[in-house]
Amino acid sequence: MNHEPTAHPFRASLAEALRRHWPEALMEAAGLGLFMLSAAAFGTLLEHPESPARRAVESGLARRALMGTAMALTAIGLIYSPWGRRSGAHLNPSVTLAFLRLGKVAPADAVLYATAQMLGGLAGIALAGALLGAPLAAPEVRWVATVPGAAAGLAFLAEIAIAFVLMSAVLLSSNVPALARFTGVVAGALVALYITFEAPISGMSLNPARSLASAVPSAIWTSFWIYVLAPPLGMLLAAEAWRSLRGAHAAVCAKLHHDNVSRCIFRCGYHDGSHP
């Protein structure tokens, strides 16, 4: 494995983080951009009334299952791609924040990643708009915006719950040697289940950058505060639970897939010898 030994990495300035780690930040931006492009394409295919797929699949549950499968495969592909293996495939400010709390990500890198993720999501949905045109903006698709299907309080709690479970599953699988290589599959499977069964409650965001990307072009800001607050809160609660059960430094690294030759910019247990 290729690691980047750095003296006092957590003291680096944002400018220094940008100079040293801009490739990883760019990969995070591209990753969420591709995720949004996929979401827009499959959302339009499955929900636009003139789409053959929409006419062929009348059941809303079945369409959500197809959407969930498509987005799960997209997430898995991004996590195991060369870019995902190098950047860690957070693709979500909430994931980065949780790893920051666990002491795996330097503060400057966390800011760099979160900024890149938001810009990448916006760029991805803009590209989708250019490619798909009016169908993406149709009332049935609405730029694949995340909006609650239940009362705001229930949606807020649901977002916290799914974020907590996802981050807990990532931490459990990535820190158990026998399971670590399956972390991306675990995350993807949860995305599929959430879109299929939970989306009617909260809209299934999990990701402030993902929700922001759709809200900007659609101008749909319905209960947007839920998607800003709940996913980070849920993932931070998972990080705190992990710290309580396993100790402050029990997480090995901030990469979802670490068994590769790509460099690692995080405070890494594989590099410092604390993990075999």
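Number of residues in region 240-257 that are assigned to a loop (DSSP other than H, G, I, E, B) and within 19 Å of R101 (Cβ to Cβ): the value is 10. Which of the numbered conditions does H258 fail, given that it passes all the others? Conditions: (1) buried (at least 22 other Cβ atoms within 10 Å of the Cβ); (2) over 29 Å from A128 (Cβ atoms); (3) modelled with pLDDT of 90 or more; (4) not aliphatic (A, V, I, L, M). Only one criterion is unmet by H258, namely (3).
Within region 218-232, if we keep just the residues that are in contact (Cβ under 8 Å) with a residue 60 or more places away in the chain, over 24 Å from A72 (Cβ atoms) and not polar (S, T, N, Q), the residue that is surrounded by the most Cβ atoms within 10 Å (Cβ to Cβ) turns out to be I220. Within region 174-217, which residues are small (G, A, S), modelled with pLDDT of 95 or more, more than 18 Å from P93 (Cβ to Cβ) and surrounded by 18 or more Cβ atoms within 10 Å (Cβ to Cβ)? Across region 174-217, the qualifying residues are G184, G188, A192, A199. Where in region 33-107 are the helices (runs of 4 or more DSSP H), entirely inside, with at least 3 residues that are closer than 16 Å to A199 by Cβ and touching a residue at least 24 places away in the same chain (Cβ under 8 Å)? Answer list for region 33-107: 60-80.
If you go through region 72-79 one residue at a time, do you hit one that is touching a Phe, Trp or Tyr at 6+ places or on another chain (Cβ under 8 Å) and among the β-branched types (V, I, T)? Walk me through it before giving the result.
Here is the first cut: in region 72-79, the ones touching a Phe, Trp or Tyr at 6+ places or on another chain (Cβ under 8 Å) are 74-75, 78.
Filter once more, so that each one left must be among the β-branched types (V, I, T): 74.
Yes, region 72-79 contains a residue that is touching a Phe, Trp or Tyr at 6+ places or on another chain (Cβ under 8 Å) and among the β-branched types (V, I, T).
Scanning region 24-37 for residues that are closer than 19 Å to S205 by Cα and either hydrophobic (A, V, I, L, M, F, W, C) or surrounded by fewer than 21 Cβ atoms within 10 Å (Cβ to Cβ) (or both) yields A29, A30, L32, L34, F35, M36, L37.
The values are calculated or read from the model by the stated rules, or taken from the named source; none is laboratory data. Keep in mind that this is a model prediction, so the values were computed, not measured. So basically every Cβ, Gly included, is an ideal-geometry build from the backbone, and we count neighbours across all protein chains shown.
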